[in-house]
Each structure stands twice: as C-alpha cells, then as structure tokens.
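Engineer: One structure coming up, written as structure tokens, with questions to follow.
Derivation of every value follows stated rules applied to the coordinates shown; laboratory data play no part. Just so it is clear, the model here is predicted, and its values are computed rather than measured. Don't worry about glycine lacking a Cβ; one is built from the backbone with ideal geometry, like all the others, and counts go over all protein chains shown.
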Amino acid sequence: MISCSDLHGFRGLFLDFIGDPFDDFEANCTRFFADGLLVVESGKIKDFGEYRILKKQYPELEITAYPNQLMIPGLIDLHVHYPQTEMVAAYGEQLLEWLNKYTFPTEARFKHQAHAQIMADFFLDELLRHGTTTALVLTTVFPESVDAFFEAADRRHLRMIAGKVMMDRNAPKELLDTASTSYEQSHQLIQKWHDYHRLAYAVTPRFAITSTPEQLVLAGRLLQEYPGIYLQTHLSENLKEIQLTLELFPNNSDYLSIYEQFGLVQSRSVFAHGIHLSDGEFNRLSAAQSTIAFCPTSNLFLGSGLFKLHTSQSLNPSIAVGLGTDIGAGTSFSILQTIGEAYKVTHLQGQAFSGLQGLFLATLGGARALQLDDKIGNFQIGKEADFVVLDLQATPLLSLRTRQALEEKTLEAIADSLFALTMLGDDRMVQATYIMGKPALFATDLGSG
C-alpha cells in the first residue's frame, strides 16, 4: 500500500500516444483508457493506468473525477507571436503587405514594458483557456517584451520557449536593432532565462529578409556558444517573400541554403511554414533533423499556400513536424481547431489526415520536435503533469455528435469524436487545464489583468 499524503488522482477517459501514427497503425500508437486513473506526485506523473487496477494500490487517494470527459496531454504550439494577439483577423493582405500594414505598427508598442506585461498576461490566459500548455513563442525586437513574457510564464510555472526577434533591416526604424546589439541583448537574455525553471530560449531572427548577413553570423555564433538553445525563424511561406529573399542573397540557390550558410539549420531549429520547399530543401531538413511548424490557419488566411505534410513524413528520416497557431496571422488560439484546418489543407492535396494523427502532432509529436519528450507529450510515468480536460458535450451539437462515443467508450468511437471536436469545438470544450498537476493560473489568480 502506498502513502497518499503527497498524491492526487484524476479519473476519467484518457487518450495519449506511445508511438507515431504516421509510421504505424494508429491502434498500436495510441493508448486509451475508458476508465483511467492518473496519479500525480509533486507535479509529476507517479502512475497511470486502469482505475480498477490502480485504485487498489492507492486506497486513500484523493481523486478528482471527470466522468465522460476526455483527458489528453497538454497541447503544444510550435509557432506563435504573442505581440500579435491584438491584431488577429486584420483584413485583406498577403504576407509582406500584412507585416508592413499591421504587424510592425503593433509590435512597436512593445517597447513599453507595461504594455508588454498586459499583453503577455492576456496571451498566456488565451493559451491556457484553449488547452495549450507549451509554446514556442516570438516576442519583438525589444528585450522588454522578452522579459515580460518570461516573467508571466514563470509566474504560471509554464514550460515555454521564447526569444527576442533579431531584425536589423527592411523594417521601420523604430523596430530595428543592429547585428551587435541583437547579439548582446540575446546573450544577456539567454543568461537570464534559458533553463530557468521550466523556461528555455530560442535565437530568433525574424527571417532572412530582415536580417543582414552580419546579424545571421552572430545568430549562428549564439547557437555555438549555447548548444542547448533553440533557433526559430520563418522559411518559404510566401512566393513574393522567397523572391525578395533570393534577391537579397543572390549567391544562394534556394531559401534554406541561406540559413545553412550561417549554421542555423540544426536539430533544435524550428522553421515556420515551409510551404514552397523544393525536394532538395525537404531532404536537407530531414538530414539535419530540423523541425517544421505547420500553421494551416495562417497559411489559408494570408493565401500563402498548402504545406506538403505527407512529403515531410515520407522521407527517411521523416521531418519532425508540429502544429503552430501563428497568431496573429493565424485565426484561432485553439490547437484543436488548427488540427481541423490541417485536415482541410491535406485533404485539398488528396491526402489523408486523421484526428489521431493531428493530436499526435499536437502532443507527443510536438514534444519530440522540441526534444522535450522526456518531460512532456504523454502520460508516461516521471513526466511533468501538464494535461487538459475536454468536455465532449460542451455545446448542444457536440453533445449530439459525441453521444454514441460516450456510450461505447472505445478507441474507435473516441477517435471519431475527437475528429468532430476539431471541426465543431472551440474554447468552451476545454473544461480545465492543469499545469504540473495543479489548475492553471490565470491573470486574475495572480492579482493582475
């Protein structure tokens, strides 16, 4: 018999992944308990399995029950701009025009830390309301915006990755740094925040258009000096973007080769979009074990194109892919809705994409892409207890649509309902978000906002 003094249990329906459904049959990769028990101790998973079996080992365990609710690992967003929260759904432009008309004026306000703090709190509240517990986040060129984000994330005990945008050309003067100041400021921020509690740092040149070769050299130097940090940037999102990029770097044969030239294509490098990659670029990303953030709502909203997900998965090794909301070109904070849009993007190309494959990318797949699968991504014993409770009956239509699945409680039926959630659901279906086994903290809980 195990002492329950520092333990807490959660009972309900559970679904997670122990394998990759792009490589094997979904049933072999998916773990489902119709009546499961998750035991948490000091923020980490102590035990996990069928309730009827585990309850015998923990007879005095205090249990929070969610009957007919589905518990999944915390969702992971691989590409999102927190300063663009207040400009979501800005009308009617493609990428480069959209940046100049909406994005840059909005980001200029983040020079003021008070504004950055307000928006960081709002942004993190939105992530948590939608069940996202880990994200790879772009801030702005201002160090104040980085500090505001990390401070807000740390107060909530979140596992987050972020970095200062490096941008020394082709943007408004008030948003430009220099190669040397971007290096020095990034260096100081890495020292302050990387590996602090659950936080990590990502070197963040916005994209090749807004960085001089001198700045990209220094971005590569930061990766050499701090081997555990990440690189995040944009790649091959828009045809005009690609044309301008190659005009700025006329000696390069393709977009990816620019980043390769400066040592930025590594196993901890995350490239957003990758819509118009050549076969050669796909193959080189595969060889480098880099990651692509698939951002379907943004790609559709800006008219950028359709990401070739199945090409990325057909390589050996396959390219690690995660899902990004890409707020504010993206149109929803919901990773589940993002899965639904990813289905449409792949379906338009004549390819299949199931709800389980989508949820894999949003949980264990995303964790693997960030090399965090030893800490998050599923309910394996010893991992951090970040998870989400989904209400399958959150709306009348969902209740009707999922009724049979809740009666049958089989993996096949739940998978069908999960797909319906990605098409019909919204933030109302997230009944609760847990961070390290505790209810997520919002701005109102922290005495701000």
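Engineer: From the Cα trace of the chain, what convex hull volume per residue do you get, rounded to a whole Å³?
Structural biologist: 136 Å³
Engineer: Now, a different point. Give the angle, between 0 and 90 degrees and rounded to the nearest 10, that separates the Cα long axis of helix 179-193 from the longest principal axis of the Cα atoms of the chain.
Structural biologist: Once rounded, the angle reads 20 degrees.
Engineer: Something else: Give the cross-link partners of K192 among the lysines, using a straight C-alpha distance below 18 Å as the criterion and excluding same-chain residues fewer than 8 apart.
Structural biologist: Output for K192: K164.
Engineer: Do the alpha carbons of any pairs in K173/K240; K111/K173; K101/K240 sit beyond 19 Å of each other, and which pairs?
Structural biologist: Over 19 Å Cα-Cα: K173/K240.
Engineer: For a footprinting-style exposure proxy, rank I63, I190 by other Cβ within 10 Å, fewest first.
Structural biologist: Fewest to most other Cβ atoms nearby, the residues stand as I63, I190.
Engineer: Shifting gears a bit: When the chain is modelled as a GNM with alpha-carbon springs shorter than 10 Å, which of H276, H81, H115 fluctuates the most?
Structural biologist: The residue that fluctuates most here is H115.
Engineer: Moving on to the next point. Given only helices, namely DSSP H runs of n ≥ 4 each adding -39500 (n - 2.57), what is the per-residue ellipticity at 222 nm of the chain, to the nearest 500 deg cm²/dmol?
Structural biologist: Theoretical 222 nm ellipticity from helices: -11000 deg cm²/dmol.
Engineer: Principal axes first, then extents: for the Cα atoms of the range 75-333, list largest minus smallest coordinate on each axis, whole Å, largest first.
Structural biologist: For the range 75-333, the Cα spread along each principal axis is 44, 35, 35 Å.
Engineer: Checking the cross-link filter: which lysines have an alpha carbon closer than 22 Å to that of K383, excluding same-chain neighbours under 8 positions apart?
Structural biologist: Partners within reach: K44, K46, K55, K375, K438.
Engineer: Still on this structure, please answer the following. Pick from H310, H197, H157: which residue has the top mean-square fluctuation in a GNM of the chain where Cα pairs under 10 Å get a spring?
Structural biologist: H197
Engineer: From zero up to wherever the largest Cα-Cα distance of the range 308-405 sits, split into 10 Å bins and tell me the percent of pairs in each.
Structural biologist: In order of increasing distance, the bins hold 14, 37, 36, 13, 0 percent.
Engineer: With Rg and the Kirkwood Rh both taken from Cα atoms, where does Rg over Rh land for the range 1-133?
Structural biologist: Using Cα coordinates only, the ratio equals 1.16.
Engineer: Just for the chain, what percent of DSSP beta bridges are antiparallel, to the closest 5?
Structural biologist: Around 45 percent antiparallel, to the nearest 5.
Engineer: How many times 2.2 N^0.38 Å is the alpha carbon radius of gyration of the range 114-239?
Structural biologist: Taking N as the residue count of the range 114-239, the ratio is 1.03.
Engineer: Okay, next question. Report D for the range 358-449 in µm² per second (integer): Stokes-Einstein, Kirkwood Rh on Cα pairs, 10 °C, 1.306 mPa s.
Structural biologist: After rounding, the answer is 106 µm²/s.
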